[in-house]
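K.L.:
This is the structure, below, for whatever I ask next.
A short reminder: the numbers here are calculations on the coordinates, not readings from a lab. Values in this document were obtained by computation on a predicted structure and should not be read as measured data. With ideal geometry, Cβ positions are generated from the backbone for all residues, glycine too; neighbour counts draw on all protein chains shown.
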Amino acid sequence: MARVARSRLRRWAVALVSGCIVLAAAGLAWIVHLDHVVTREFQGRHWSIPAHVYAAPLELYVGAPISANDLEEELRRLHYHSGDPVARPGVYRRRGGSFDLYARRVRFIDEQREPQLVSIGADANSIVRLAKADGAPKADGAAKAKAEGEELPVFRLDPPVIGSVFPIHGEDRLVLSPDDVPALLRSGIKLIEDRRFDEHHGVDAHGIVRALWANLRAGRVVQGGSTLTQQLVKNYFLSDEQSFGRKATEAVMALRLEAHFSKEEILVAYLNEVYLGQDGSRAIHGFGLGSEYYFAKPLAELDVGELALLIGLVKGPSYYDPRKHADRARARRNLVLQELEQARLIDTAAAARAAATPLGLRPPGGSYVPAYLDLVRRHLKRDYAEADLAAAGLAVYTSLDLRAQAAAERAVTMNLKRLDAAGRVRGGHLEGAVIVAEPNSGDVVAVVGGRDVGADGFNRALDARRPIGSLVKPAIYLAALETGRYNAATVIEDAPIELKLSDGSIWAPQNFEHQVYGRVPMARALAESMNLATVRLGLDIGLPKVAETLQRLGLETPATLNPSLLLGTVEMTPLEVVQVYTSLANGGYRARLRAVLAVLDEQGRPLKSFKVQIEEAAPPAAVYQLDRMLTLVTTRGTGRDAAARLPRGTVVAGKTGTSSDTRDSWFAGFTGSYVSVAWVGYDDNRVTGLTGAMGALPVWADTLAKLRSASFEPVPPEQVEDRWIGFGDGLETSPACSTDAVAVSVPKDTALPAKPGCGPSSSTGTSPSNTMGDKIKEWLKHIVH
Amino acid sequence: MAQAYRSLTTLAAALGAAILVSGCPAPSRRPEPPANPTTGPQSSEPVTPGSPAPSPPPRAPSAPRENHLSPATRSLVTQSRTLASRGDLDGASSTLDRALRIEPNNPLLWIELGRLRLAESDAHQAESCGRKALALASGDRGTQAQAGRLLADALRAQGRNQEAIEIERQPFMR
């Protein structure tokens, strides 16, 4: 019996001891694991600093089309503040058209610029003067004198920050380095959140006892005993759940963190990590972003009261939300000021002054451009692993032009509102998309993905794949010009046609309003978007040739060789359309679209740059002839409404597109500076009742009207020349002879049938080249003058 | 490679000197066209033929022109060359991008970019730049010749000597 009991006891003891050993080992393994997690995550700073994304900086040079008001607006957008004297970076002074600007230190793709004083003159249209106003702040006297008034051929403003890519859990932050942390923030945050930060080892026994005591006396939780280190651990590594297990994990991790890293590293990480508010789905983390979000300026430029408000927010960003609960926020700020004063971190006068000032909130600066960021993200994805982008605090430089973006956004929202009000369809809202690019470089400067321009969600500019309707026609006419058998004056037949398709059915296309125009010159058939003439032309050229032309211009997925391709049943996204039209706007050179110009690592070293890439997609002379026909679309054809919306005299080229039963309204075209496409339609593909000219064209034209773009005036290739033809009959004529004379470009020495009694020889001084010659003489005289 | 680059930069410098010297403050574009009078009441598609809207102003081919750089783009080209001479070809390229954003249709900038692409051993892109520059230089013999030399170099770098010789036989190269 006893032996049995003893052996049972022994067995128990063995089990207990081995259990303890297993537990201890497990505990140790757990600690080692946490230690590993802490060091790995923290060391490489592999938590979640997303890549920081910048829009293109505004380039200033004499003649740049930037008015004094534009300039001031841009300075405000960049959070420059008006002040006198202009004593530190971030301040400017304006007197009429004259600006003194103290530009901040900025990292660009190709250089790091130190703070610099510049003097800028601008009038109502453009920049008229640009000079260095002073040396760098630390320059000695001699250097200063030398720099005084020195001409500055070109100067760029700061690249505006537009957000972060791959913000994990919707987080967004502006990462501070130790040098960026103001001394008052450093001591203030310790004072308010963790007085014994410099003494403890991650967990503060005194603090816990004090908190426990306070909580017991109050009968509820009024104080947390968490150190800054624990708060940091909690934010980095742990969920929000309140449990003993989590508390223990937090404590162990905090201790391990302190064992491996300096107080300085932990404090800076804390300041970068701490949660300070919520902007819709975007969480505001870190004092850098907090400063931008609440005060629209960098942390270094905050005054005492503003810093105190941010420090106070840590305790409860939603409870003390200064935008929603100004009184609570003010009381909290003043309490922090009082504490700072008692700790002699600020003097009494400063505390009193700060307590008496308003909160100083500003609307969050910069714009949130989700549709553009979406494109940036996709372009980056082609070249990077997602984890790399989330990790290292990269700087991504993009070609976004915030002014173009604002213009496109306004054009979409205003026009859709108007069209909805005019409503042909009851219920539901029209949607729209716009993309604007610079055709020579392929730089995408604006993307609007829907009418709710500030919202994430379905990005129609990149993802709405719709039939392009007549937007396909320029590819057909280009293919025809390339054969050499056709030119703008060639008469083609707009007459009914029936085709037996491969499935045995009969296809009988119609013109938009079921008319038949008969014999028309090619230039008019394109300008007025005649379907029958185009189908006949396309069939003569051959479907394979048309599809191949589209592909050369930039269509990635090959089009199906069905005759209805000729009327644009091919489906494309606005992004694909803009790629195709870029080749037309760029003299036949396809420029690969790019949103990302370069990516720099945290130290400012280039990781990758995306260079301008151009390929000849079509013979430049054929493209030139086509482009000149496309200018007739906007003067004589379906795109005529554009003129009224654009600055007087601006020459633009473009094409309307309407898919079957007006489900999709398109306009694609270009000026001398930009290529752009606009789409309007319903998400559920309902009939809109809008042609391309009624829906998309106003959006397109309003966007480009705001951009002060140059007229489309490509350099004529040497193989072509201008001739006058009758728009109605295609016969060679002169303006004196025919009221409908239009100038077209045709290969040199093309034999054109002349209108009886007209033709170039019968009139003097009115043939295109003579007119132009006179203008050039006049111009030369002007220059010599 | 390094030697090739050195000879290229020498070439580019010589070429650049020519560009810088030829720079004068006159505008490089043709004059603004006269304003189009706005059209009358406008309908959507389709339109009736013979509507009174005027056609765009006609233009003459091969009008004598001379391309040059503005002070802003000239200073950027100089900066770009400084970066290239230090071996920072990416930086040089980014700086040229800035110049192209200011004067996208200036063939001299495309020639400069093509030279840089050659230095980067990207003869294919150099060829595209050369062809584009040649198209933009239409009517400007001096610039056409520079573009032609770039194009010939880019073709030779790809082993397409016969095509290079054909370019060099073009009238504008003489």
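K.L.:
What helices in chain A pass both tests, a Cα length along the helix axis of 27 Å or more and a mean Kyte hydropathy of -1.0 or higher, using whole DSSP H runs?
P.N.:
Values: long enough: A:2-43 (59 Å, 0.67); A:402-421 (28 Å, -0.19).
Membrane-span-like by this rule: A:2-43, A:402-421.
K.L.:
Quick check on the range A:7-112: what are the equivalent-ellipsoid semi-axes from the Cα gyration tensor, as sqrt(5λ), descending, whole Å? Spell out each step's value before the answer.
P.N.:
Working: eigenvalues 922, 40, 21 Å².
Three semi-axes, in Å: 68, 14, 10.
K.L.:
Label points 7 Å out from Cα along the Cβ direction at residue B:173 and residue A:497: separation in nm?
P.N.:
Between residue B:173 and residue A:497, the label points sit 4.3 nm apart.
K.L.:
Which is the longest stretch in chain A that no exposed loop site breaks, taking sites as GluC sites (Glu not before Pro) with a DSSP loop state and at most 10 other Cβ atoms within 10 Å? Provide the component values of the computation, followed by the final result.
P.N.:
Values: sites that count: A:199, A:241, A:498, A:513, A:556.
Answer from the scan: A:242-497.
K.L.:
Between residue A:82 and residue A:201, take the C-beta separation as r, use R0 = 45 Å, and let me know the FRET efficiency to the nearest 0.05. Don't jump to the answer; show the numbers that get you there.
P.N.:
On the way: r = 48 Å, r/R0 = 1.07.
Working from the Cβ atoms, E equals 0.40.
K.L.:
Rounded to the nearest 500, what is chain A's calculated 222 nm mean residue ellipticity when only DSSP H runs of at least 4 contribute -39500 (n - 2.57) each, over all residues?
P.N.:
Values: 25 runs with 309 residues, N = 785.
Helices in chain A give a 222 nm mean residue ellipticity of -12500 deg cm²/dmol.
K.L.:
Tell me, what is the percent relative contact order of the range A:614-715, built from C-alpha pairs under 8 Å that lie six or more residues apart? Working shown, then result.
P.N.:
Details: 190 pairs, mean separation 27.1, N = 102.
RCO, the range A:614-715: 27 percent.
K.L.:
Which whole-number value in Å³ per residue fits the convex hull of the alpha carbons of the range A:252-320? Before the final figure, lay out the partial values.
P.N.:
Numbers: hull volume 7.4 nm³, N = 69.
Output value, Cα hull per residue: 107 Å³.
K.L.:
Which pairs, out of A:234/A:315; A:190/A:315; A:473/A:545; A:473/A:655; A:611/A:655, put more than 18 Å between their alpha-carbon atoms?
P.N.:
Working: A:234/A:315 14 Å; A:190/A:315 13 Å; A:473/A:545 13 Å; A:473/A:655 8 Å; A:611/A:655 29 Å.
Distance filter (> 18 Å) returns A:611/A:655.
K.L.:
At q = 0.16 Å⁻¹, work out log10 I(q)/I(0) for the range A:442-568 with the Debye formula, treating every Cα as an identical point scatterer and leaving solvent out; two decimals please.
P.N.:
For the range A:442-568 at q = 0.16 Å⁻¹, log10 I(q)/I(0) is -0.85.
K.L.:
Further, regarding this structure: Mean separation of Cα pairs under 8 Å and 6+ residues apart, divided by the residue count of chain A: what relative contact order is that in percent? Working shown, then result.
P.N.:
On the way: 1528 pairs, mean separation 81.2, N = 785.
For chain A, the relative contact order is 10 percent.
K.L.:
Let me ask something else. Tell me which trypsin sites (Lys or Arg not before Pro) from the range A:542-625 have a DSSP coil assignment and no more than 16 other beta carbons within 10 Å of their own.
P.N.:
Values: sites: A:545, A:552, A:590, A:592, A:594, A:608, A:611; in loops: A:592, A:611.
Passing sites in the range A:542-625 are A:592.
K.L.:
List the aspartates and glutamates whose alpha-carbon lies under 20 Å from that of residue A:608, not counting same-chain residues fewer than 8 positions away?
P.N.:
In chain and number order, the partners are A:110, A:111, A:374, A:383, A:386, A:388, A:443, B:88, B:90, B:97, B:120, B:122.
K.L.:
Here's something else I'd like to know. What's the Kirkwood radius of the range A:167-356 in Å, using all Cα pairs? Working shown, then result.
P.N.:
Values: mean 1/r = 0.0580 Å⁻¹.
Here the Kirkwood hydrodynamic radius works out to 17.2 Å.
K.L.:
Please work through chain A and write down the cysteines that have no neighbouring cysteine Cβ at a distance under 4.7 Å.
P.N.:
Lone cysteines by the Cβ rule: A:20.
K.L.:
Ok, one more. On a straight-distance basis, which aspartates and glutamates could pair with residue A:755 in a cross-link, Cα separation under 18 angstrom, same-chain partners fewer than 8 positions away excluded?
P.N.:
The reachable aspartates and glutamates, counting only those whose Cα sits under 18 Å from residue A:755, are A:722, A:729, A:732, A:740.
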